[in-house]
Amino acid sequence: MNIYKELAAERRTYTADQVTHSHSFAQLILPLHGVLAIEVGADNFLLDEQLVLYVPPACNHTFHSTVRNEFLVLDIPHFMVPAGRMNKKGIPYSWNNKWKGIRYLILNELEENAQRAALKELYPYISHHLLQERQPRSIQYIHDHYNENITVQQLAAIEHYNRSYYTDWFLKETGKSPSAYIQEVRLNKAKELLRDTTLSVLQIALQVGLEQQSSLTRLFKKNEESTPSQYRTKHSIRKMK
């Protein structure tokens, strides 16, 4: 067991018994296989092989798993935690090649039984990635796929939340419902296309993920109190001036 004064890493498994505790050190949980349900503060996460989770120090968290599992856990003493990661909020990171490389290096040191010195050398690199701010994955997904049919269930799955929790979470993050946010992204993109291209209103509607020109017209009337054509004319005049 880590004495909380040095970095330590080990493979860990979790049972179906729900356990709630907190500790003075932070943890970085990297997937090996299986699924872990964990509640950190007010947020619920479902860790699988596509997610890395940071758990801050002195933060209550509850966890359990009903399937075979194994995770690689890095215990980080509180005095080594980056200043920007001392709050009480769990932070998920998408699984990518950088985290895959970090996991490989930690596992390699575990096998060599020389983890302490090596982890200290590796930790600045890990710390750098812990501090990288990220836009929530589902919000980034909206910006990347606004021209497609996007469902709330699909977005919730991206964040590993259930649908009802995700809707509340999204409202806290953005001040809007998922559907209102999607419409706002589409509206802003449509404005850009109206200002900067000669595409028809129908073509623009299709490009921003709306099936009919009338849908775009309703969106503009609701938010801009004008039609798309009126918006284009107004901003074309401004450009000429």
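In table form, for the structure just shown:
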quantity: Residue among ARG163, ARG232, ARG195, ARG218 that is charged (D, E, K, R) and under 30 Å from PRO92 (Cβ atoms); calculated: ARG163
quantity: The listed residue being open to solvent by 80 Å² or more (accessible area, probe 1.4 Å), under 20 Å from LEU46 (Cβ atoms) and of a type in the set (S, T, N, Q), out of GLN207, GLN213, GLN153; calculated: GLN153
quantity: Residue list for the range 184-205, restricted to those being part of a helix (DSSP H, G or I), without any contact (Cβ under 8 Å) to a residue 40 or more places away in the chain and in contact with a Leu (Cβ under 9 Å, 6 or more places away or on another chain); calculated: LEU187, ALA190, LEU193, VAL201, LEU202, GLN203, ILE204, ALA205
quantity: Top-ranked residue of the range 1-25 - restricted to ones that are in a loop (DSSP other than H, G, I, E, B) and among the acidic types (Asp, Glu), ranked as least open to solvent (accessible area, probe 1.4 Å); calculated: GLU6
quantity: Residue pairs meeting the criteria (Cβ under 8 Å; at least 6 apart or on separate chains; first touching a residue at least 40 places away in the same chain (Cβ under 8 Å) and open to solvent by less than 30 Å² (accessible area, probe 1.4 Å), in the range 82-107; second part of a loop (DSSP other than H, G, I, E, B) and not polar (S, T, N, Q)); calculated: ARG85/PRO56; GLY90/GLY41; GLY90/PRO56; GLY90/CYS59; PRO92/HIS160; TYR93/ARG134
quantity: Subset tally (residues that are more than 17 Å from ILE106 (Cα to Cα) and either outside the structural domain of MET86 (by the TED database) or not acidic (Asp, Glu) (or both)) for the range 14-50; calculated: 24
quantity: Criterion (free of Cβ contacts under 8 Å to residues at least 12 places away in the same chain and in contact with a Lys or Arg (Cβ under 9 Å, 6 or more places away or on another chain)) met by exactly one of ALA42, ALA8; calculated: ALA42
quantity: Which numbered condition THR62 fails, given (1) surrounded by 16 or more Cβ atoms within 10 Å (Cβ to Cβ); (2) modelled with pLDDT of 90 or more; (3) not hydrophobic (A, V, I, L, M, F, W, C); calculated: (1)
quantity: Qualifying residue in the range 150-160 (condition: outside any helix (DSSP H, G or I), closer than 30 Å to LEU53 by Cβ and touching a Gly at 6+ places or on another chain (Cβ under 9 Å)); calculated: yes
quantity: Matching residues, the range 39-48, being surrounded by 20 or more Cβ atoms within 10 Å (Cβ to Cβ) and not aliphatic (A, V, I, L, M); calculated: PHE45
quantity: Residues being open to solvent by 20 Å² or more (accessible area, probe 1.4 Å) and in contact with a Leu (Cβ under 7 Å, 6 or more places away or on another chain) - total across the range 216-225; calculated: 1
quantity: Residue satisfying condition, being open to solvent by less than 10 Å² (accessible area, probe 1.4 Å) and free of Cβ contacts under 8 Å to residues at least 40 places away in the same chain, within set LEU36, LEU28, LEU72, LEU51; calculated: LEU36
quantity: Count of residues meeting criterion [out of contact with any helix residue (DSSP H, G or I) (no Cβ under 6 Å at 6 or more places or on another chain), more than 30 Å from ALA37 (Cα to Cα) and surrounded by fewer than 16 Cβ atoms within 10 Å (Cβ to Cβ)] in the range 157-198; calculated: 5
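Let's see how each residue does on (1) assigned to a strand (DSSP E or B); (2) modelled with pLDDT under 90:
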residue: PHE45; (1), (2): yes, yes
residue: LEU53; (1), (2): yes, no
residue: PHE71; (1), (2): yes, no
residue: ILE106; (1), (2): no, no
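The values are calculated or read from the model by the stated rules, or taken from the named source; none is laboratory data. Just so we're clear, the structure is a prediction, and the values are computed from it rather than from any experiment. Counting neighbours? That spans all protein chains shown, and the Cβs are built from the backbone with ideal geometry, glycine included. To get the accessible areas, we keep the full protein, side chains included, count just its heavy atoms, and leave off ligands, DNA and RNA. Shrake-Rupley method; radii C 1.70, N 1.55, O 1.52, S 1.80 Å.
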